[in-house]
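Accompanying notes for the structure given below.
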Amino acid sequence: MNFPTPSTVLSSEQLEVRAQQALHLFGLPDAALTPLGQSDTTVYRVGGLDDHHYVLRLHTSHAQDSRALQAEACWLDHLWLVVPDVFPRPIRSQAGHWVEAVGERPEASPVWATLLTWLDGEPLSAPFTPEQAKDAGQLIAQLHLHAEQAESFANLDRPTYDLTYFDRSWQALQRTLGIARVTPDQVAVVEAAWPVLQDLLDPIEAVPGGYGLIHGDAHPGNFVVQREQLRLIDFGRLGWGPYLLDIAHSALDMESAQRAAFLDGYTLLRPLPTTRDLHFRALLSLAALDNLAFLAERPHELDFVLDALPSVIGAIARLTADVTTPPQTWSDQ
């Protein structure tokens, strides 16, 4: 399944009207709304009358259709049943639906609304400590173990994170930044690397470490801490991909000590193949490009994107060289 291009632009007043519509549908007409942020979705904290709090999401970008949102809710509900209070749980509306349509003409041009339980906890204010990195590794391994065992979810309608997906991200990054900011040399490096990436990652299902449902965006900002326990939020990029890609997303902001602690925690629960280095480096570079493509759409992140792009291109160039350069023989020394 491919996500369509974001298109809906609504004022804050229009968004609040739709949020209030959603609250009525979910049986919370008198709950308080607190805006939290906006990217692919507009997110509100909902204060319920029963001392419970919720997260209301208005999917204003059309990045996901109702089937994809239904699939996300189905998986989250399963996770909550097997591991309560670690992942958010979807809430059904009064009509029994996980996904509701709101808007002036919801039957013709809907904005999809979903409601999740609020997970108490503080967002990480800094990169993982080694202890947190180890705990995060165990949590991601636990998620992957559940994915491996959930054969009944094999047909969930979620995106696939393969080379086609990452090529679209790279093309989007070039369009957003323009030729003045992405140099011909940088484009040439990525183009030269693509056959190498295909050899390593095509077919994506055969990447060492396994393939299945992944979080898709397991960076430190999507973990919260409650009484020293990590919880994982924001499953908006849930999809099909190699389990190593989740590890790559988590590792993007980690130093070597944190990364080692993360892998130690992960392998306490789920083994990883020893022959993963080149595949992991490839996925790490693609995850970084994908992240830059996402951030480049936000004007306040542009300086960061421009500063980070050369190092990401450099990592791709080094990967290409390491794969294509024959190993030295004794006579070459």
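Within segment 111-130, restricting attention to residues that are in contact with a strand residue (DSSP E or B) (Cβ under 7 Å, 6 or more places away or on another chain), hydrophobic (A, V, I, L, M, F, W, C) and surrounded by fewer than 20 Cβ atoms within 10 Å (Cβ to Cβ), which residue is nearest to Ala31 (Cα to Cα)?
First, the residues of segment 111-130 that are in contact with a strand residue (DSSP E or B) (Cβ under 7 Å, 6 or more places away or on another chain): 111-124.
Then keep just the ones that are hydrophobic (A, V, I, L, M, F, W, C); that gives 111-113, 115-116, 118-119, 124.
If we keep only those that are surrounded by fewer than 20 Cβ atoms within 10 Å (Cβ to Cβ) as well, we get 118-119, 124.
Details: Trp118: 14, Leu119: 17, Leu124: 27 Å.
Looking at the filtered set, the residue picked out is Trp118.
Quick one: how many residues across segment 24-35 are surrounded by fewer than 14 Cβ atoms within 10 Å (Cβ to Cβ) and either free of Cβ contacts under 8 Å to residues at least 12 places away in the same chain or among the small types (Gly, Ala, Ser) (or both)?
2
Is one or more of the residues making up segment 195-210 within 11 Å of the chain's Cα centre (by Cα) and either crowded, with 22+ Cβ neighbours inside 10 Å or of a type outside the set (A, V, I, L, M, F, W, C) (or both)?
Taking segment 195-210 as the starting set, the residues that turn out to be within 11 Å of the chain's Cα centre (by Cα) are none.
The answer is no; no qualifying residue exists.
Please specify each residue of segment 79-105 satisfying the condition of being touching a residue at least 40 places away in the same chain (Cβ under 8 Å), out of contact with any strand residue (DSSP E or B) (no Cβ under 7 Å at 6 or more places or on another chain) and among the hydrophobic types (A, V, I, L, M, F, W, C).
Correct list: Leu79, Val82, Val83, Ala95.
Restricting segment 142-188 to residues that are of a type in the set (Lys, Arg) and surrounded by fewer than 18 Cβ atoms within 10 Å (Cβ to Cβ), which is nearest to the chain's Cα centre (by Cα)?
Step one: list which residues in segment 142-188 are of a type in the set (Lys, Arg), which gives 158, 168, 175, 181.
Of the ones still in play, those that are also surrounded by fewer than 18 Cβ atoms within 10 Å (Cβ to Cβ) are 168, 175, 181.
Details: Arg168: 16, Arg175: 22, Arg181: 26 Å.
The residue in question is Arg168.
Based on this model, can you work out whether Gly178 counts as within 25 Å of Ala308 (Cβ to Cβ) and assigned by TED's automatic domain parsing to the domain that holds Ala147? Steps first, answer last, please.
On the way: within 25 Å of Ala308 (Cβ to Cβ): yes; assigned by TED's automatic domain parsing to the domain that holds Ala147: yes.
Yes: the conditions hold for Gly178.
Leu69 passes all but one of (1) surrounded by fewer than 15 Cβ atoms within 10 Å (Cβ to Cβ); (2) aliphatic (A, V, I, L, M); (3) without any contact (Cβ under 8 Å) to a residue 60 or more places away in the chain; which number fails?
Looking at each condition in turn, Leu69 falls short on (1).
Filter segment 197-234 down to the residues that are in contact with a His (Cβ under 9 Å, 6 or more places away or on another chain), part of a helix (DSSP H, G or I) and hydrophobic (A, V, I, L, M, F, W, C) and list them by number.
Quick first cut of segment 197-234, residues in contact with a His (Cβ under 9 Å, 6 or more places away or on another chain) only: 200-201, 207-210, 212-219, 222, 232, 234.
Retained after the next criterion (residues that are part of a helix (DSSP H, G or I)): 200-201, 222.
Within segment 197-234, Leu200, Leu201 qualify.
Just to be sure before I move on: is Ala108 in contact (Cβ under 8 Å) with a residue 12 or more places away in the chain, surrounded by fewer than 21 Cβ atoms within 10 Å (Cβ to Cβ) and outside the structural domain of Ala150 (by TED's automatic domain parsing) in the structure I sent?
Values: in contact (Cβ under 8 Å) with a residue 12 or more places away in the chain: no; surrounded by fewer than 21 Cβ atoms within 10 Å (Cβ to Cβ): yes; outside the structural domain of Ala150 (by TED's automatic domain parsing): yes.
Answer is no for this residue.
Listed here are the residues, each with its yes/no results for (1) aliphatic (A, V, I, L, M); (2) more than 26 Å from Val305 (Cα to Cα); (3) modelled with pLDDT under 95; (4) touching a helix residue (DSSP H, G or I) at 6+ places or on another chain (Cβ under 8 Å).
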site	(1), (2), (3), (4)
Leu173	yes, no, no, yes
Gln186	no, no, no, yes
Ala193	yes, no, no, yes
Ile214	yes, no, no, yes
Asn222	no, no, yes, no
Glu228	no, yes, yes, no
Gly239	no, no, no, no
Ala248	yes, no, no, yes
Tyr266	no, yes, no, yes
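The values are calculated or read from the model by the stated rules, or taken from the named source; none is laboratory data. This is a predicted model, so every value here is computed, not measured. So basically every Cβ, Gly included, is an ideal-geometry build from the backbone, and we count neighbours across all protein chains shown.
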